[in-house]
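The values are calculated or read from the model by the stated rules, or taken from the named source; none is laboratory data. Please read these numbers as outputs of a predicted model, since none were measured by experiment. Here the Cβ is made from the backbone with ideal geometry for all residues, glycine too, and neighbour counts use every protein chain on show. Ligands, DNA and RNA are excluded from the accessible area calculation, which covers all protein heavy atoms including side chains. Shrake-Rupley method; radii C 1.70, N 1.55, O 1.52, S 1.80 Å.
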Amino acid sequence: MLRIYVHPLPVRIWHWTNAFGFIALILTGIQIRYVDLIGLMSFKAAVSVHNAVGWLLIGNFFLWLGFYLFTDKIRVYHPELSPLKHFRDSFRQAQYYGYGIFKGDPNPHHLSAYHKFNALQSMTYQVIMQLLVPLQFVTGVLLWDLKRFAGAVEFFGGVRVVDTVHVLLFIFFTAFIFIHPYLASLGHTPSAHFKAMITGYEEVEEAPGGAPFRDAG
């Protein structure tokens, strides 16, 4: 096995802050919406925690954004400019997740420091980090103070529309919280990717001849 430093310390801090923060938002969000059915905490406490964690994650997002914008690690998020190659790689990765992994087939994605996402992950994280997370934050801020942002709320169609978008995204991120750990367990050992997000180092197989796998061209 070859150890590659894939996850810099700022990314690891952002990741775990985001993970525990989203769990807190999900739990307090459920308490706020189903106040008569769930008794995790008082409604007032749930609102206070939800708001505080929300602002923390907004700040955390901008730290993540600044790190990638002002370092060469932005290359990790560079999109594949060839639609045909992206579709081909995505299809191969979907085949691997669908049944190849259960047959012991090798992962078609060969990880490196600047190519850590496979085609499906790249597409997914582009949408999540550039669209869905910012949209969740914007709708959350609008709902945080409806009086102050009344004009913006009306511009986007009213409270019902803003709240519906916020709740739909809440459902998506709740599902993501369950799916993400499963996908993270599909390394060469179930705990490999989790350890990597703590230490920063991913372990990858070496190609025949003792050379590490290179990025797929």
Exercise. For T164, T139, what's the largest-to-smallest order of accessible area, 1.4 Å probe?
Worked result: T164, T139
Seminar exercise, completed: TM-like helix rule applied to the chain (DSSP H, alpha carbon span at least 27 Å on the long axis, mean Kyte-Doolittle at least -1.0) gives 9-33, 43-69, 159-184
Exercise. Whole-Hz Karplus ³J(HN,Hα) for segment 96-110, in order, using 6.51 cos²θ - 1.76 cosθ + 1.60 and θ = phi - 60°, x for Gly and Pro?
Worked result: 4, 5, x, 8, x, 5, 7, 9, x, 5, x, 5, x, 8, 10
For this session: Determine how large the accessible area of I177 is when every protein chain is in place; take a 1.4 Å probe and give Å² rounded to the nearest 10.
Result: 50 Å²
Exercise. Gaussian network model of the chain, Cα springs within a sub-10 Å range: biggest mean-square fluctuation belongs to which of F67, F137, F156?
Worked result: F156
Exercise. When ranked by the protection proxy of mean other Cβ atoms within 10 Å per residue, highest first, what sequence do the peptides 19-28, 181-190, 85-94 form?
Worked result: 19-28, 85-94, 181-190
Problem set entry | Sorted peptide list for 116-122, 199-205, criterion being average Cβ within 10 angstrom, highest first | 116-122, 199-205
